[in-house]
Amino acid sequence: MIRVVQGDITELHVGAIINAANTTLLGGGGVDGAIHRAAGPDLLMACREIGGCPTGEVRITPGFALPSKWVIHTVGPVWRGGDKGEADLLESCYTQSLETAWAHDIHSIAFPGISTGVYGYPKQAAARIALNVMRHYDDRFDEIIVCCFTSDDKTVYLALYDTE
Ligand code: AR6
């Protein structure tokens with residue numbers, strides 16, 4: 001089941017939350033900063049050991065102090081106009097996150113809008129990619145949550161969800 005909710009992803013009791021990270025995996029602003037704050041310093045140590053992650057790929061760590069058991073860190077593309085492979089890279093973030101969750105026997109998972117903050121990916125185009133991938137994996141999970149931070153983001157997702 002795909003569910004669109006509005007809220008703070010760090011508060012969700014799910015098997016895994018997805019972190020929209022950067023290639024260093026050493027934290028940052030936005031959802032990445034919020035996840036590191038809520039998980040505590042053990043998360044930074046675990047990420048340091050991993051040593052980085054290329055764009056479009058994922059790495060998994062425990063959730064430490066978070067209510068979610070796991071964090072799947074993925075690095076979305078920076079939006080550079082749309083002709084630099086951004087769509088394929090963003091799709092890969094969603095696909096690899098879900099494949100990794102499946103491989104770890106995780107049954108519920110929550111996503112933020114990867115790349116749609118600081119990285120500037122247009123929200124509607126990003127949401128369309130996200131929902132297409134999620135639909136493909138829907139029957140493998142109890143719940144796939146789209147966690148929108150703002151009500152505007154939720155409106156974008158719900159409009160697509162109802163019409164496509
Ligand atoms: N819960 C859910 N969604 C959130 C939360 C939260 N607590 N906080 C922000 N969002 P961004 P990006 C939403 O900028 O564009 C970091 O510095 C936010 O409204 O966090 O992939 C990293 O270290 C937006 O819709 O990620 C990278 O350097 C979405 O999360 C860079 O930003 C993603 O916004 C990654 O940029």
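Among the residues of region 133-164, which ones are open to solvent by 60 Å² or more (accessible area, probe 1.4 Å) and either among the acidic types (Asp, Glu) or within 21 Å of Thr95 (Cβ to Cβ) (or both)? Answer for region 133-164, where residues must be open to solvent by 60 Å² or more (accessible area, probe 1.4 Å) and either among the acidic types (Asp, Glu) or within 21 Å of Thr95 (Cβ to Cβ) (or both): Arg135, His136, Asp139, Arg140, Asp142, Asp152, Tyr161, Asp162, Glu164. Of the set (1) surrounded by fewer than 18 Cβ atoms within 10 Å (Cβ to Cβ); (2) within 16 Å of the chain's Cα centre (by Cα); (3) under 15 Å from Thr10 (Cα atoms); (4) not charged (D, E, K, R), all apply to Trp70 but (1).
Within region 41-52, can one find any residue that is out of contact with any Asp or Glu (no Cβ under 8 Å at 6 or more places or on another chain) and closer than 24 Å to Ala126 by Cα? Checked region 41-52: at least one residue is out of contact with any Asp or Glu (no Cβ under 8 Å at 6 or more places or on another chain) and closer than 24 Å to Ala126 by Cα. Of all residues in region 102-132, those that are assigned to a helix (DSSP H, G or I) and either within 16 Å of the ligand (Cβ to nearest atom) or open to solvent by less than 10 Å² (accessible area, probe 1.4 Å) (or both) total 9.
Going by what's in this entry, would Pro54 be described as open to solvent by 20 Å² or more (accessible area, probe 1.4 Å), in contact with a Phe, Trp or Tyr (Cβ under 9 Å, 6 or more places away or on another chain) and either basic (Lys, Arg) or free of Cβ contacts under 8 Å to residues at least 40 places away in the same chain (or both)? Let's see the steps before the verdict.
Values: open to solvent by 20 Å² or more (accessible area, probe 1.4 Å): yes; in contact with a Phe, Trp or Tyr (Cβ under 9 Å, 6 or more places away or on another chain): no; either basic (Lys, Arg) or free of Cβ contacts under 8 Å to residues at least 40 places away in the same chain (or both): yes.
Spelling it out, it is not the case that Pro54 is open to solvent by 20 Å² or more (accessible area, probe 1.4 Å), in contact with a Phe, Trp or Tyr (Cβ under 9 Å, 6 or more places away or on another chain) and either basic (Lys, Arg) or free of Cβ contacts under 8 Å to residues at least 40 places away in the same chain (or both).
Contact map, region 99-128: residues that are more than 17 Å from Val156 (Cβ to Cβ) and without any contact (Cβ under 8 Å) to a residue 40 or more places away in the chain paired with residues that are more than 9 Å from the ligand (Cβ to nearest atom) and not in a loop (DSSP other than H, G, I, E, B), Cβ distance under 8 Å, separation 6+ or inter-chain. Pairs shown: Trp102/Tyr137; Trp102/Arg140.
The values are calculated or read from the model by the stated rules, or taken from the named source; none is laboratory data. Computed from a predicted model, the values in this text were never measured in an experiment. Counting neighbours? That spans all protein chains shown, and the Cβs are built from the backbone with ideal geometry, glycine included. These area figures cover heavy atoms from the full protein model, side chains too; ligands, DNA and RNA do not enter into them. Shrake-Rupley method; radii C 1.70, N 1.55, O 1.52, S 1.80 Å.
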